[in-house]
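First the structure, in the form of structure tokens, and then the observations on it.
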Amino acid sequence: MRALTWQGANKLSVETIPDPEIVNPRDIIVKVLMSSVCGSDLHLLDGYVPTMHPGDIIGHEFLGEVVETGSAVTGLSRGDRVITVSIVGCGECAHCQREEYSCCDNSNPNPTATEVLYGQPCAGIFGYSHAFGGYAGSHATYVRVPFADVNVFKVPEGITNEQAVFVSDAVPTGYYGADIAEIEPGDTVAVWGCGGVGQMAIRSAYLMGAERVIAIDRFADRLHLAKKKGGAIGLDYTQFDIHEALLELTGGRGPDRCIDCVGMEAHTDNTLEQVYDKAKQQLRLHTERGAALRQAIYSCRKGGNVSVLGVYAGLMDKFPMGAIVNKALTVKSGQQPGQRYVSRLFEHILNGELDPSYLLTHPMSLEDGPQGYAMFKEKSDDCLRAVFIP
Ligand SMILES: NC(=O)c1ccc[n+]([C@@H]2O[C@H](COP(=O)([O-])OP(=O)(O)OC[C@H]3O[C@@H](n4cnc5c(N)ncnc54)[C@H](O)[C@@H]3O)[C@@H](O)[C@H]2O)c1
Ligand SMILES: [Zn+2]
Ligand SMILES: [Zn+2]
């Protein structure tokens with residue numbers, strides 16, 4: 001089969017490799033129909049996630065068709081149109097039983113790296129380094145999916161491929177971020193980052209009762225979509241002092257809930273902070289460029305919530321713990337436990353309350369994967385998400 005492989009920092013190539021096979025009885029093989037880029041892949045591409053090996057297949061947001069099922073798989077058959085949640089749960093460990101699928105104890109066959117880094121081993125993620133299980137990713141003709149009964153969902157009639165593909169990752173991530181922000185009716189919610197994740201967090205915040213969402217980014221096309229599709233107020237952080245603007249929009253209090261949809265490669269217009277963060281990150285003295293998260297914590301109203309969806313890998317310098325304590329903030333985070341939300345999200349799509357299809361700005365052949373990532377990384381040609389069709 002053909003697959004888009006990581007060959008080193010900022011090096012991708014499409015290769016011919018053997019097809020995957022069923023390994024365990026609960027596995028299935030999916031023929032990929034669509035596989036999307038995600039901001040998390042940029043952290044791999046830029047070389048900030050360790051334990052990537054040349055030849056690893058990346059990609060974790062995908063839609064496909066079941067072509068083979070393991071002997072213990074029930075409820076799925078050849079020909080079913082399905083999505084797979086990007087973070088793997090087993091369905092049986094104590095965490096999965098509590099619907100904390102992204103904390104699964106059993107889905108990472110290489111537990112040591114994350115156990116050393118984080119204190120406990122973390123769940124496996126498709127195409128996301130050997131530390132996260134070494135699973136082959138979805139930018140390929142076929143992909144092996146473990147624990148299919150837990151991670152795979154049939155797509156209902158009436159939902160298009162262009163809508164369904166994002167229910168694998170961007171949609172449940174945004175929804176989870178709004179959920180853990182504990183939004184109450186009437187709240188003002190600020191969202192940093194208007195990529196696919198931010199766009200879905202904006203929409204989800206409204207679904208959960210927010211009165212007003214303020215979206216922050218610097219790309220005009222993304223801010224435009226946040227307004228037009230999400231109904232948010234857009235703020236370009238290169239044009240405004242974001243803290244001042246947020247105070248002004250909230251009667252001097254600050255937003256009730258702040259959602260970071262940026263992560264460890266935040267950009268800032270504050271040259272000193274950017275140079276400091278970038279230099280330390282490149283010297284491996286810290287792993288995060290934390291401008292967006294620092295700003296969210298600083299701007300959030302007293303007693304409010306900061307929900308962190310952006311991915312961080314290790315240690316952040318100049319983390320404003322004092323603001324968290326003295327403003328009584330609640331900070332929650334996590335990789336998305338999408339299995340908890342997929343059925344609800346399909347219902348929102350069928351009811352017309354949510355339509356993620358506009359995230360797909362660039363449908364492309366898998367053979368053009370390296371160009372798709374270059375475009376997504378540079379945010380050129382108004383690329384919100386490139387989706388590969390093998
Ligand atoms: N928690 C999860 O389960 C999960 C799932 C998917 C993605 N993610 C993470 O979410 C983040 C966003 O993903 P995406 O696919 O939307 O990525 P993306 O690259 O498309 O979007 C990120 C956006 O952040 C903006 N940005 C950068 N610096 C900023 C700043 N200082 N203030 C405001 N905006 C800023 C960029 O301009 C860009 O539009 C990434 O860190 C990704 O790893 C997490
Ligand atoms: Zn992702
Ligand atoms: Zn589990």
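Below are the figures for this structure:
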{"quantity": "Candidate set from segment 70-98 (those that are part of a strand (DSSP E or B) and closer than 20 Å to residue 31 by Cβ); member that is most open to solvent (accessible area, probe 1.4 Å)", "calculated": "81"}
{"quantity": "Any hit, segment 268-291, residues being among the aliphatic types (A, V, I, L, M) and in contact (Cβ under 8 Å) with a residue 40 or more places away in the chain", "calculated": "no"}
{"quantity": "When residues of segment 148-165 are limited to those that are assigned to a helix (DSSP H, G or I) and away from ligand 2 (no atom under 16 Å from the Cβ), the one surrounded by the fewest Cβ atoms within 10 Å (Cβ to Cβ)", "calculated": "149"}
{"quantity": "Filter result (in contact with a Cys (Cβ under 7 Å, 6 or more places away or on another chain) and either more than 19 Å from residue 42 (Cα to Cα) or in a helix (DSSP H, G or I) (or both)) within segment 178-195", "calculated": "190, 191"}
{"quantity": "Residue within segment 164-176 that is in the same structural domain as residue 77 (by TED's automatic domain parsing), more than 12 Å from the chain's Cα centre (by Cα) and more than 12 Å from ligand 1 (Cβ to nearest atom) present", "calculated": "yes"}
{"quantity": "Residue list for segment 303-318, restricted to those being out of contact with any Leu (no Cβ under 8 Å at 6 or more places or on another chain) and farther than 19 Å from residue 216 by Cβ", "calculated": "313, 315, 318"}
{"quantity": "Unmet criterion (only one of (1) assigned to a loop (DSSP other than H, G, I, E, B); (2) over 19 Å from the mean Cα position of the chain (by Cα); (3) within 16 Å of ligand 1 (Cβ to nearest atom)) for residue 106", "calculated": "(3)"}
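Residue by residue, here is whether (1) assigned to a helix (DSSP H, G or I); (2) in the same structural domain as residue 193 (by TED's automatic domain parsing); (3) touching a residue at least 12 places away in the same chain (Cβ under 8 Å); (4) open to solvent by 30 Å² or more (accessible area, probe 1.4 Å) holds:
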{"site": "319", "(1), (2), (3), (4)": "no, yes, yes, yes"}
{"site": "322", "(1), (2), (3), (4)": "yes, yes, no, yes"}
{"site": "345", "(1), (2), (3), (4)": "yes, no, yes, no"}
{"site": "349", "(1), (2), (3), (4)": "yes, no, yes, no"}
{"site": "352", "(1), (2), (3), (4)": "no, no, no, yes"}
{"site": "368", "(1), (2), (3), (4)": "yes, no, yes, yes"}
{"site": "374", "(1), (2), (3), (4)": "yes, no, no, yes"}
{"site": "381", "(1), (2), (3), (4)": "yes, no, yes, yes"}
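The values are calculated or read from the model by the stated rules, or taken from the named source; none is laboratory data. The shown structure was predicted, so the numbers you read here are calculated from the model rather than taken from an experiment. Cβ coordinates were reconstructed from backbone atoms using ideal geometry, including for glycine residues, and neighbour counts include every protein chain displayed. Only protein heavy atoms, including side chains, enter the accessible area calculation; ligands, DNA and RNA are left aside. Shrake-Rupley method; radii C 1.70, N 1.55, O 1.52, S 1.80 Å.
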